Each structure stands twice: as structure tokens, then as C-alpha cells.
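> A single structure is presented below for examination.
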Amino acid sequence: MNDLCTDIGFNSLNKYGEELCGDHVEVVEQGENSMVIVLADGLGSGVKASILSTLTSKIISTMMAADMSIEDCVSTIALTLPVCSVRQVAYSTFTIIHIVDGTEAEIIQYDNPEVIMLRNGESVDYPTEVVDIAGKKISKSKVHIQEGDIFIALSDGAPHAGIGVTLNLGWQRENIIDYMKTFCHVGFTAKTLTTMLLQECNKLYGGEPGDDTTVCTVKIRKREPMNLVIGPPSNPNDCGKMMSLFFSKEGKHIVCGGTTSNIAAEFLDKPLRTKLEYHDKDIPPTAEIEGVDLVTEGVITINRVLTYAQDYLRNNETYKQWSYKKDGASLIARLLFEEATDINFFVGMAVNPAHQNPNLPINFSIKMRLVDQLADCLRKMGKKIKVSYF
Amino acid sequence: MKLTVCIGSACHLKGSRQIVEQLQKLIAENGLEEKVELIGTFCLGTCQTGVSVKLDETLYSLNPEDIKSFFEKEVLAKL
């Protein structure tokens, strides 16, 4: 056990004209610091492939997380998968990345493009051993992980991108490595790296992918705690208690809400300086308090952060906005989505009488729901979330 | 002279930004950058009544439409 953790991001392009993706990624947490990530690519495309890959990834991830051997997993799959009536085989290729205790990555691969490993901006050729399990040639590797390592698992739709459209032979593994190398120093999240690679594949396919294409990026990073307080406590006498708990936490501190920032400023005995620049016309300006990393307005800003979070989990279109803008919502989005791994929410339950005006879209229940939904989205991003109410 | 505009949630929804922009324009047009300091603040505690604007220590509740007359009557007159 150490302070390394995994940032995992995956997404797929469906074969042109298909509603379902024949690839499937499954992530299962195994205790505190271990993870099983499985990318399966089912034979064919459409619903049949989707069933094969879903079953394969579900079975493997569940069994691996329960500490069963790869031999058991593979034989179970061979016995369980429905046989394709056209081809008379039950078949789904797979890649397993098993992060053990935050110290080691076990990579098990069967017929998918070889997992790319980047360390310090260079591709690493990790040693592999091929074993025969139930007649299938399975390659196994073990590598010690360190901060900044990036593993990229692919379905064959990725190296095949552009075959016959823009490139004669598709996009070779080396080309993908070269493409990804240029980004790995920037500090993009796994999800962003995944999105960039998929977009490039889509471009090479001319917007009409010839095969299901899936990318799953696993980035090894340090744990980064973050704390966000929103709303004054329901009992005004608890202000001091809430603030001292909040500021005693390790990591960065974000204060959201007008009244809340006044309370924080008072607690820290520092002036609150509000700015007047509207970087986004709909988001109120941010402020500064010495000792606080970010001070923003409350409900409107968080509402926008939630929109970004929901989009991040889908296709990450709004990344183009929040990745560089300086309004409160974009700043919070960058801190929570990109920097943080463990987030503590301190939610004050005081009812702001001004917000109970039926003409304003910001009443109390909306505020509570916003925080719940945001916490949910962040959990889906793989972050550890704790919410405390005051 | 200090002009403080609330940019908290409620006031934001009632038009703080338009008010800030109009005031910035009016101050520039009248060449008052040296004399009038425009600052933002979070909640001034009178959220119910509209956008809270403080002229030195006097509190006003304003709509974006009122700004021009407010500026002429209150700000310019008191300079």
C-alpha cells in the first residue's frame, strides 16, 4: 500500500451504422488499492459481439477481483460463452490490466492489440511470457508501476483505423505510440487521453469507423485530496466547527457560495476580495481569500460544474471549454476532474431565504440535489468521495 | 467614492453582470476611473430585494434598467 492510485478512462466508437458496441470495458475495484480492468472485444459486431464482450469482461473482472487464477477465468469463459451459429466458435478477445496493491501491474492479453506502456514519455517494452490455457495462447506480464506510468489497452479497431480510407495499412502500433507520446507529459487525465486517441481514430476512419474501436487508458498517479465547502451550516453556531474541520483537511480547499465565503474569510480572519471579471457571462466572478485555493459563487457555479461532469462521463465534448477557461465553474471542474482523487464535500444545510423565491431557479432542494448528483458523477469518474452535512 | 455590486447567486440571477458592465461603461465614458472605485462583493444580506449596490455605505436595490438614472442622480451628483 502506498499513495499511488489509478486514473482510468475508457470510451468506444461504434462501428458505423451499429447501435451497440461490440467491445466492452469493465472495471472492478478490489479492496483499497487494487483494480481489475478488462477490455473485451466480441467476435463480429452488433448485438452478438456486445453480448460476448459483456459476458467476457464481466466474468473475468468478477473472478479476478475474487482472487481466482487466470486459468480458471479463461476456462470458465470457454465453457460459458454462447457459440456463434455462423462461425461455430465462442470467441471474444480480451486484455486484463490488474493493478495489485498500487505497486504492480499484471497484464494479461489474449489476441487484442498489445497494451502500450508509456513511462517518462517513452514506450516501454515489458517482458511477456506466453502460456497455453485451454488451447488459447495467453500472454502474461508483470511490471512494477511508478507515478506517471500510462497503460493503453485497445481493441483492434484502433490500429485498423484508416485502412483503405486514409492509410493503406491502418495505424500501426508505433504510430499510435508516437501520437500518444506527445501528450503524456501534459498531465491530461486518462479520460482525456482516451478521447484524444479515439478522435484521431475516428478522423482516420473518415468519421465512419469500420470496426468497433475502444480505448482504455490507465494512468498511475499520486493520491490528491481536495476539499470543497458549500453552504452555511443549518445551525449558525456550527460555523466555527464546520470551518475548522474543513481547513484541517489535507489538500486544496475550495469555498463555494457568497455567505459561505464570508464565513470562511471571518474564520481565517482574512479579507475576502471579489473580482469583477466575467470570464463566462453566466457564471458569477470568483473571489480570493488568503489560505483558500479557490473561492466561487455557489449554486449557479456548481450547477455548471455538474453539467460538465455529466458530459465528461459521456463524450467529454465540453472539455474544450472547461479545460482552459477562467470562470469559477471551469476552475472547479479542472480541480475536481483532473487534479483530485479523493474529495471531501462539506455541505451546509442552511436555507437561504432569498433562494426560496419561486422565480429563482436555485431553491434549497435544488442545491442538495446538485451536490448529490455531482458526488455521484465524481464517483463514476473513479474518485473517492465523502460527503458530510452540517 | 466606492461602488460595490453584489455578485452573489440571487443578485447574479437578477442581473449583476449587466449592472457591472453598464457601470464600467459609464465610469469610463465619464472618465471617472480615478474617482469611482467599482468593486464586487458576495452577499450583502439583502438578497430578496434585487441587485444590491452599495454607494459608499448606502445600500440600494437596483435593476439593470435603473442604472443610468442611478448613476446620474446618485453618483454624478455626489461627486
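The values are calculated or read from the model by the stated rules, or taken from the named source; none is laboratory data. Predicted model only: the values in this text are computed from it and were never measured. No Cβ is skipped: glycine too gets one built from the backbone with ideal geometry, and neighbour counts run over all protein chains shown.
> Looking at the stretch A:29-53, which of its residues are part of a helix (DSSP H, G or I) and closer than 30 Å to A:Leu4 by Cβ?
A:Ser53
> Looking at A:Thr56, A:Thr6, A:Thr93, A:Thr76, which is the one that is closer than 20 Å to A:Ala161 by Cβ and outside any loop (DSSP other than H, G, I, E, B)?
The unique qualifying residue is A:Thr93.
> Still on this structure, I have one more. Before we move on, is A:Val305 outside any helix (DSSP H, G or I) and either more than 10 Å from chain B (Cβ to nearest Cβ) or in contact (Cβ under 8 Å) with a residue 12 or more places away in the chain (or both)?
No.
> I'm trying to understand the selection: among the residues of the stretch A:363-390, which are touching a residue at least 60 places away in the same chain (Cβ under 8 Å) and part of a loop (DSSP other than H, G, I, E, B)?
Those that are touching a residue at least 60 places away in the same chain (Cβ under 8 Å) and part of a loop (DSSP other than H, G, I, E, B): A:Met381, A:Gly382, A:Phe390.
> Within the stretch A:92-139, work out how many residues are within 20 Å of the chain's Cα centre (by Cα), surrounded by fewer than 18 Cβ atoms within 10 Å (Cβ to Cβ) and at pLDDT below 90.
Residues in the stretch A:92-139 being within 20 Å of the chain's Cα centre (by Cα), surrounded by fewer than 18 Cβ atoms within 10 Å (Cβ to Cβ) and at pLDDT below 90: 1 in total.
Residues are listed down the side, and each one gets a yes or a no for (1) within 22 Å of A:Lys252 (Cα to Cα); (2) of a type outside the set (Ser, Thr, Tyr); (3) at pLDDT 95 or above:
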| position | (1), (2), (3) |
| --- | --- |
| A:Glu317 | no, yes, no |
| A:Gln321 | no, yes, no |
| A:Phe345 | yes, yes, yes |
| A:Asn352 | no, yes, no |
| A:Arg369 | no, yes, no |
| A:Asp372 | yes, yes, no |
| A:Lys383 | yes, yes, no |
| A:Tyr389 | yes, no, no |
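> If you take just the strands (runs of 3 or more DSSP E) that sit entirely in the stretch A:193-300, which of them hold at least 1 residues that are outside the structural domain of A:His160 (by TED's automatic domain parsing) and more than 29 Å from the chain's Cα centre (by Cα)?
Per the criteria, A:272-274, A:287-289.
> When you look at A:Ser123, is it in contact with a Ser or Thr (Cβ under 6 Å, 6 or more places away or on another chain) and in contact (Cβ under 8 Å) with a residue 40 or more places away in the chain, yes or no?
No: the conditions fail for A:Ser123.
> Here are some residues: A:Val387, A:Val371. Which one is buried (at least 19 other Cβ atoms within 10 Å of the Cβ), more than 14 Å from chain B (Cβ to nearest Cβ) and β-branched (Val, Ile, Thr)?
Residue meeting the stated conditions: A:Val371.
> While we're here: Scan the stretch A:373-390 residue by residue and report those that are under 21 Å from A:Phe246 (Cβ atoms) and polar (S, T, N, Q).
A:Ser388 - this is the single residue of the stretch A:373-390 that is under 21 Å from A:Phe246 (Cβ atoms) and polar (S, T, N, Q).
> Report the residue count in the stretch A:314-354 for those that are surrounded by 16 or more Cβ atoms within 10 Å (Cβ to Cβ), away from chain B (no Cβ under 14 Å) and among the aliphatic types (A, V, I, L, M).
8
> Next question, about the same structure. Looking at the stretch B:47-66, which of its residues are surrounded by 17 or more Cβ atoms within 10 Å (Cβ to Cβ) and facing chain A (nearest Cβ under 9 Å)?
B:Cys47
> Residue check, A:Val218 against (1) touching a strand residue (DSSP E or B) at 6+ places or on another chain (Cβ under 8 Å); (2) in contact (Cβ under 8 Å) with a residue 24 or more places away in the chain; (3) surrounded by fewer than 24 Cβ atoms within 10 Å (Cβ to Cβ), all met but one. Which one?
Going through (1) touching a strand residue (DSSP E or B) at 6+ places or on another chain (Cβ under 8 Å); (2) in contact (Cβ under 8 Å) with a residue 24 or more places away in the chain; (3) surrounded by fewer than 24 Cβ atoms within 10 Å (Cβ to Cβ) one by one, A:Val218 breaks only (3).
> Additional query: Of everything in the stretch B:19-42 that's surrounded by 15 or more Cβ atoms within 10 Å (Cβ to Cβ) and in a loop (DSSP other than H, G, I, E, B), which residue is nearest to the other protein chains (Cβ to nearest Cβ)?
B:Phe42
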